[in-house]
Every structure is written in C-alpha cells, then in structure tokens.
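Notes follow the structure.
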Amino acid sequence: MSNPLETYFRQPAIYITLPSKGEYYPPDTLTFNENKEIAVYPMTAKDEIVMKTPDALLTGQSTVDVIQSCIPAIKDAWKIPSIDIDTILIAIRIATYGEEMPVSIPITEIKESLSASVNLTNALERVNSHLPDTELILPSGIKVKIKPIDYAMMSRQAMRVYDEQRMVRTVQDSELDDETKTKKYMEVFTKVAMYSVDEMISSIDTIHTPDGKQVTEQGYITEFVQNMDVSTSKLIKQKIDEIRKTGAIPPMEYDVPEDMVEKGAPKTISVPMTFDTSVFFG
C-alpha cells in the first residue's frame with residue numbers, strides 16, 4: 001500500500017541542463033529525462049542540518065549526501081565532473097530558497113561592505129557551457145585525451161590543501177628556529193606541488209601513441225606524467241585549464257552607491273562567483 005501522504009512529498013522545483021551534457025559520468029550514475037534535463041528537488045530539514053555539519057562539510061560528504069537527496073538522477077555524487085558542481089549547487093539553492101541570494105561585498109578602498117543580491121537564475125543562464133576539444137596532440141605525436149576531475153578528487157585536493165595550510169600556521173606560531181621553519185615550509189611546498197601532479201594524472205583519460213597503442217592504465221599514465229619534460233607538462237596543463245573554464249560563471253558586476261564613491265570606492269565592482277557551501281546554504 002502506498003503512503004496516502006505521498007502526494008504531499010516535495011516535488012521537483014526546477015530542471016537543469018548540465019554543462020558536461022552528461023559526459024564523463026561512469027555508466028549507471030546519471031539518468032536524464034527526454035529533454036536531457038535533470039530534476040532538482042528542494043532540500044529537506046535533514047539536508048539543511050547535514051550542510052551545517054563541519055566535519056562532513058570539510059570532507060565533502062555533506063555535499064554528496066545533499067546532492068543525492070535533491071537530485072535523484074545522480075546516483076553517485078562523488079563521480080560528478082568538476083565542471084558540473086557549481087551548476088548543481090546553484091540549482092539546489094534556487095530550489096530550496098528561491099533565486100535571490102543576499103551577499104555582502106567588501107570594498108577594500110573604504111573598508112566598508114556593500115549589501116547586494118545575486119539573482120541565481122541569471123547566474124545559471126550565464127554558466128559557460130562550451131566544452132572545448134578535449135584531445136591534445138603533443139609534438140612527439142602522442143595524443144592525450146583530457147577529462148575533468150571528479151568531485152571525489154576535488155574534495156581530496158581541498159582536504160590536502162587545508163591540512164598543509166594548517167601545518168603552515170602551526171609552523172608560523174611555533175618557537176622553531178628559522179632554519180627548521182624554512183625546512184618545514186619546503187616540505188609543505190613540495191607536497192602541494194605533488195598534489196598538482198596527482199591532479200594532472202587524474203585528468204588524463206586516455207593516451208594514444210603514434211604506433212597505435214591505447215593506454216588507459218593509471219600506473220602507466222602516472223609514470224608518463226612523472227617522467228615528461230617541462231614543455232609537455234605545460235601543454236597538458238593549458239588544456240586542463242581550458243576545460244576547467246567549462247561550468248564557470250563570469251563575475252557579477254555591481255554599481256556602487258554614490259555616497260560610497262564619494263568616500264573613494266570605485267563606481268563599479270566586479271565580484272567573482274565562488275561558492276563556500278557552509279555559507280551558500282545558509
């Protein structure tokens with residue numbers, strides 16, 4: 001027997017098209033409707049509590065749980081390509097709280113803040129949904145196919161950087177001598193550099209050699225990245241950065257009130273669209 005209250009359960013609030021167009025998802029982790037759209041439901045009271053749990057926010061687990069609650073079409077949110085994340089989070093925010101989001105914009109020139117509002121529906125419409133060619137042909141003749149990293153890798157990288165930043169603060173506040181501090185800083189910088197290498201490895205989907213071999217094994221790709229020359233590394237990084245622009249939202253432009261301009265503030269201010277989930281979801 002079905003629940004007689006089922007009619008009154010939450011319903012989809014909006015439908016969205018993903019910047020990735022559904023590419024890069026493993027099989028059986030995403031389902032579309034006939035229009036290549038996915039339904040987005042408002043958060044539940046439980047979801048709202050989850051998004052205020054510090055440890056789960058830090059690891060990314062709370063974001064994964066809420067995405068899977070609000071977008072049933074996504075079966076494994078850890079596998080979401082990075083280029084879809086902002087669109088998904090904005091859509092959940094709109095579905096739950098509406099399209100207007102208040103923001104406080106610091107104006108450093110006068111050490112004051114401007115109270116404004118972001119229209120998130122407008123922000124969604126401005127998402128860069130152009131996906132460039134993901135294949136790169138290197139001077140050696142090797143063809144490299146690049147893919148966006150997934151949310152699991154994004155979260156892992158964020159946790160690593162957080163840990164290293166915490167280490168830097170600990171060293172700064174310590175009573176270690178300058179030589180030891182310098183050594184500790186170098187250890188941190190070396191680790192951060194390795195994180196960039198790990199991200200590059202995760203961004204390579206397939207490598208085709210000039211003699212027709214196709215390489216997808218992670219171990220072989222790791223060896224290739226660790227032994228490539230600087231010029232090859234730069235070319236691959238440029239392609240990764242180009243793909244990363246898909247799903248990005250251009251900065252929002254705001255007019256500054258005349259009374260603030262008279263104090264020394266600029267007439268207009270450009271605000272990058274960045275998302276801290278602990279703030280974004282109230």
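Observations, loosely collected:
A quick yes/no check of all residues on (1) at pLDDT 90 or above; (2) in the same structural domain as Gln157 (by TED's automatic domain parsing); (3) not polar (S, T, N, Q):
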{"position": "Pro12", "(1), (2), (3)": "yes, no, yes"}
{"position": "Leu18", "(1), (2), (3)": "yes, no, yes"}
{"position": "Met43", "(1), (2), (3)": "yes, no, yes"}
{"position": "Cys70", "(1), (2), (3)": "yes, no, yes"}
{"position": "Ala77", "(1), (2), (3)": "yes, no, yes"}
{"position": "Ile94", "(1), (2), (3)": "yes, no, yes"}
{"position": "Val103", "(1), (2), (3)": "no, no, yes"}
{"position": "Thr108", "(1), (2), (3)": "yes, no, no"}
{"position": "Glu112", "(1), (2), (3)": "yes, no, yes"}
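- None of Ala123, Ala152 is within 18 Å of the chain's Cα centre (by Cα), touching a residue at least 12 places away in the same chain (Cβ under 8 Å) and not assigned by TED's automatic domain parsing to the domain that holds Val230 except Ala123.
- Hits in the stretch 73-128 - residues which are more than 30 Å from Glu258 (Cα to Cα), in contact with a Lys or Arg (Cβ under 8 Å, 6 or more places away or on another chain) and not in a helix (DSSP H, G or I): Pro81, Asn128
- A single member of Thr87, Thr44 is over 17 Å from the mean Cα position of the chain (by Cα), surrounded by 15 or more Cβ atoms within 10 Å (Cβ to Cβ) and not small (Gly, Ala, Ser), and it is Thr44.
- Close pairs (6 angstrom Cβ cut-off, 6 or more residues apart or separate chains): more than 20 Å from Ile90 (Cβ to Cβ) in the stretch 51-63, of a type in the set (Ser, Thr, Tyr) anywhere: Thr53/Ser62; Ala56/Ser62
- Considering the stretch 176-191, the residues that are surrounded by fewer than 14 Cβ atoms within 10 Å (Cβ to Cβ) and of a type outside the set (Asp, Glu) include one that is nearest to Arg166 (Cα to Cα), namely Phe189.
- Single unsatisfied condition, Lys52 versus (1) at positive phi; (2) surrounded by 11 or more Cβ atoms within 10 Å (Cβ to Cβ): (1)
- Applying the criterion of being in a helix (DSSP H, G or I) and of a type in the set (Val, Ile, Thr) to the residues of the stretch 213-232, the residue that is surrounded by the fewest Cβ atoms within 10 Å (Cβ to Cβ) is Val230.
The values are calculated or read from the model by the stated rules, or taken from the named source; none is laboratory data. In this text, all values refer to a predicted model and were calculated from it rather than measured experimentally. With ideal geometry, Cβ positions are generated from the backbone for all residues, glycine too; neighbour counts draw on all protein chains shown.
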